[in-house]
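K.L.:
Have a look at this one before I ask anything.
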Amino acid sequence: MKNLNDVEVMEYVSEDRVLSIPVIDVGDEAKPMPTIEITLTEKEITFALDYSDAGSLKHLKNLLHESQNAELEAFKEAMAKLPSAFETRLLKKAFKDKSGFKLLIKYASCKVDGQLLQRLISEAEDIRMGGRRIVNDQSIYQVPATPLLQLVYSSLERSEVGFKKVLEAIKPIIKIVSQVKTQREIIHTLINEPVSESKMYSEFVELLNKARSEGLITAVERRAIEKRWRENPADRQIVEEELRMKLGAHIT
C-alpha cells in the first residue's frame, strides 16, 4: 500500500463517501488488482478488500494453481489469524439495478482456505455468466449479474485506533494477493524449473511437433494441447499418452 496525498484521497472518494484505493502490485507485469473500499459514516467505518471485475477475480484464481502452493499456505495462515469478526462475503447486483449489491454468502474470514476460496470464485463466475442452474433439484435460469467478492470485510465503530488495528490485521493479506503470479509468470516459472522439468518439456514438445508435422493434429489443437500441458501438471502424463497413441496408431 502506498501513502496517499490529499489530492489522491479526493480523487478516490465517491459522492456517497466511499474511498476506493487501488492496490498497487509489486511485480514487473501490470496485474488486475483488487481495491480497498472504506466507507465512513457518523458512527461507523467499514473496510473491504474488493474483487469487483472479471479480470481481478481471474487473477486471484491463480493463487490456487499448484505452482503457488507456498503462497496459498501463507494466505491460509494469514486468514486464520484474522479476528473472528472479519468476514469474507459474496454479493451480487443485477445489471442496471441502482439499489446496490445484495449479500448472498458470508463466512468468517479466519475459516477461508483454498477449497472455500475456489467455491467463492466459481460462484462469482457463475453469477457473471448467468444461465441455467440446478437449485433444489430444479432447473432455473439466472440472469447474468455483477458479482462482488469481498475477500476481507470489517465493520467497526468510528475510531482512529480501531481503524489502525484493521489495517494492521489485513496488511499480510494485501501483501500476498499483490504478489499472486499472472498466467504468464506461472508459465515462465514452470518452463524455467530445474533441468529435469525442462527435459520433460523438451521431450513433450518433440512429441507435439512430430504429431503436427505428420498431420495428426492441427495448429489450433497443438496450441491447445501445449497449453493444457503447461497449465495442468496433473494432466501431463495423460496428454503425453494421448499423443503417443496418436503417433502409434499412425505408424501401424
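Coordinate-derived values only; no laboratory data. This structure is a prediction, so every number in the text was calculated from the model and none was measured. Virtual Cβ from ideal backbone geometry, glycine too; neighbours counted across all protein chains shown.
K.L.:
Roughly speaking, what is the stretch gain from D53 to S213, that is 0.36 nm per residue apart minus the C-alpha to C-alpha distance, in nm to one decimal?
P.N.:
53.5 nm
K.L.:
Going by how many other Cβ atoms sit within 10 Å of their own, how do Y51, Y107 line up, fewest first?
P.N.:
Ordered from fewest to most neighbouring Cβ atoms within 10 Å, Y51, Y107 come out as Y107, Y51.
K.L.:
Sort V220, V239 so that the residue with the fewest other Cβ atoms within 10 Å of its own Cβ comes first and the one with the most comes last.
P.N.:
If I rank by nearby Cβ atoms, fewest first, I get V220, V239.
K.L.:
Still on this structure, I have one more. Below 13 angstrom from the Cβ of Q142, what's the summed charge of the other residues (Lys, Arg +1; Asp, Glu -1)?
P.N.:
+1
K.L.:
Any idea what the dipole of segment 6-181 comes to, in debye rounded to 20, about its Cα centre with Lys/Arg Cβ at +1 and Asp/Glu Cβ at -1?
P.N.:
620
K.L.:
Give me the one-decimal nm value for the distance between modelled label points at E77 and H188, 7 Å along each residue's Cα-to-Cβ direction.
P.N.:
My value for the distance between the label points is 2.6 nm.
K.L.:
So, one more: By counting other Cβ atoms within 10 Å of each Cβ, how are M79, M245, M33 ranked from fewest to most?
P.N.:
With the sparsest Cβ surroundings first, the list reads M245, M33, M79.
K.L.:
So, one more: With each pseudo-label sitting 7 Å past Cα toward Cβ, what's the S159-E241 distance in nm, one decimal?
P.N.:
The modelled label-to-label distance comes out at 6.2 nm.
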